[in-house]
1. Checking the conditions here, which among 303, 307 is at pLDDT 95 or above, among the hydrophobic types (A, V, I, L, M, F, W, C) and touching a helix residue (DSSP H, G or I) at 6+ places or on another chain (Cβ under 6 Å)?
2. Select from segment 289-334 the residues that are touching a residue at least 60 places away in the same chain (Cβ under 8 Å), in a helix (DSSP H, G or I) and among the aliphatic types (A, V, I, L, M) and list them in ascending order.
3. Could you list all residues from segment 370-402 that are under 25 Å from the mean Cα position of the chain (by Cα) and either among the aromatic types (Phe, Trp, Tyr) or open to solvent by 50 Å² or more (accessible area, probe 1.4 Å) (or both)?
4. Can residue 318 be described as over 24 Å from residue 272 (Cα atoms) and of a type outside the set (D, E, K, R)?
5. I'd like to check something: does segment 452-468 contain any residue that is at pLDDT 95 or above, in contact with a Pro (Cβ under 6 Å, 6 or more places away or on another chain) and either surrounded by fewer than 13 Cβ atoms within 10 Å (Cβ to Cβ) or over 24 Å from residue 127 (Cβ atoms) (or both)?
6. Of the conditions (1) touching a residue at least 60 places away in the same chain (Cβ under 8 Å); (2) open to solvent by 20 Å² or more (accessible area, probe 1.4 Å), residue 522 satisfies every one except a single condition; which number is it?
7. Hand me the list of strands (runs of 3 or more DSSP E) wholly inside segment 42-155 holding 2 or more residues that are open to solvent by 80 Å² or more (accessible area, probe 1.4 Å) and not small (Gly, Ala, Ser).
8. Name every residue in segment 5-38 that is in contact (Cβ under 8 Å) with a residue 60 or more places away in the chain, assigned to a loop (DSSP other than H, G, I, E, B) and open to solvent by 60 Å² or more (accessible area, probe 1.4 Å), in order of residue number.
Amino acid sequence: MATTESILQGVNVAGTVNDFNRKILSQDALAFLALLHRSFNHKRKELLQRRVIRQAELDKGVLPDFLPETKHIRENDAWRGAKPAPGLIDRRVEITGPTDRKMVVNALNSNVWTYMADFEDSSAPTWDNMINGQVNLYDAIRRQVDFKQGEKEYKLRNDRTLPTLIVRPRGWHLEEKHFTVDGEPISGSLFDFGLYFFHNAKELISRGFGPYFYLPKMESHLEARLWNDVFNLAQDTIAIPRGTIRGTVLIETILAAFEMDEIIYELRDHSSGLNCGRWDYIFSVIKKFRQNSNFVLPDRSAVTMTVPFMDAYVKLLIQTCHRRQVHAMGGMAAQIPIKNDKAANDKAMEGVYTDKLREVKAGHDGTWVAHPALASIASEVFNKHMPTPNQMFVRREDVKIGQNDLLNMNVPGQVTEEGIRKNLNIGLGYMEGWLRGVGCVPINYLMEDAATAEVSRSQLWQWVKHGVPTAEGKKVDKAYALKLLKEQTDDLASKAPKGNKYHLAAQYFSGQVTGEDYADFLTSLLYNEITSVGSASPASKL
């Protein structure tokens, strides 16, 4: 059997290693990462190339449909996902957010059932953010995460029933350039998953839980199969039973919506259900069909959860999950309290209540909030309308969703100059924060993350590409988009502290809103700006 030293040949770390993070970057952990990379990176790159080929088909007008080759899986009533794991039976309110130490303490002290610690859309993947986040979760699991910041102390409540921890690693498309194996950067997914799993799986099991994950951005059941293979190898390597890991898949791409049964099937021994990742889903619809004028959408504010294509997606997800006896999780309430305007705050919170009421009545087993203050609203709704730990018994056999329903773009509304400026503000605001290493940015009392910035960017691209007229009678073209971009950039930069990065954000954004170039993801486009790859150190020498 290969030794740790031999496995670490060809493995290099180009990020800072210090006393705070050294316990995470142990020799055995780095060898485990190298094992994951060498076992799975080739298949990961194959699947990413498959996305490129699929996009070329969509650009030619080929529309997605349910797969004929997996019809036998969809039509077989006999198979089921795994039984809910300890700590995941009742998930009625889940709080989500990045993995900085303050957020970890506050989230685990919240009155919620689970906390999704996020290395993905609400975190900018600087080396410090990713590694320190791992340290924070390691410490939190062992109840040693308390710390002082100035005069303020942050302490975990003395309570054995803290929310169950679920971790979201980065998507398959992102890389971690600070860690290379045989000259290649490791996948961000494998890096985030590997470090968390290696250090914490047995500790979590000893405390009555297990290593639980949210899996983002997948576009096919084959990508879920890859995760399942990763899970099996990981469990076998540290000698814990297969099925100990659980993964909830975010259905946040239009292509995955046609493969929900198959995704659960691929992960079935490890499946803990599906989630409606609403903002990424809207982004995916625009992105995948961006060349098709039949898929042009109006202002973002008009694309609500009740428009036909979103309503169909929700109904199909709930029906599919409950048929397979796994959780069907609802979407994000991104609102944050408005402290200086009671009337505006009351209206915003009423909107949260209405949204959560829609979800629980549709049959969801739980929902997401971005701020602890919203937990009580979500809890009130779900406690009242879902007295049981979940509602997998709500079969939704009344639902009949086909290709046309998932692709029904009959969305009332117009494109307005106000809508264009809002998209510019959100895109610029998020990108500026991200370039400073902040992945979760409050804008107009909403917690914006990468998904909402992607919707904004993609809509602007789409409107210019197809020359959409605004409600005011102006054609949206390249010159108009760039003019408004300059105005919004100058305005935001003038109001922000000195040294802000709005003009740098605008340089990147300007190439994304003209209907010409289109980056696969904003995060990939900006990643090199926040990497600090120094001289690489052999992992065996750390």
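The values are calculated or read from the model by the stated rules, or taken from the named source; none is laboratory data. Given the structure is predicted, the values throughout are model-derived calculations rather than measurements. Quick reminder, even Gly has a Cβ in these numbers, built from the backbone with ideal geometry, and neighbours come from all protein chains shown. These area figures cover heavy atoms from the full protein model, side chains too; ligands, DNA and RNA do not enter into them. Shrake-Rupley method; radii C 1.70, N 1.55, O 1.52, S 1.80 Å.
1. Details: 307 fails: touching a helix residue (DSSP H, G or I) at 6+ places or on another chain (Cβ under 6 Å).
Testing whether each residue is at pLDDT 95 or above, among the hydrophobic types (A, V, I, L, M, F, W, C) and touching a helix residue (DSSP H, G or I) at 6+ places or on another chain (Cβ under 6 Å) leaves just 303.
2. Selection gives 302, 312, 316, 317, 318.
3. Residues satisfying the conditions are 371, 372, 376, 382, 389.
4. no
5. no
6. (2)
7. Values: elements: 93-97, 114-118, 147-149, 152-154.
Of the strands (runs of 3 or more DSSP E) lying wholly inside segment 42-155, those with at least 2 residues that are open to solvent by 80 Å² or more (accessible area, probe 1.4 Å) and not small (Gly, Ala, Ser) span 147-149, 152-154.
8. 9, 16, 20, 22, 23
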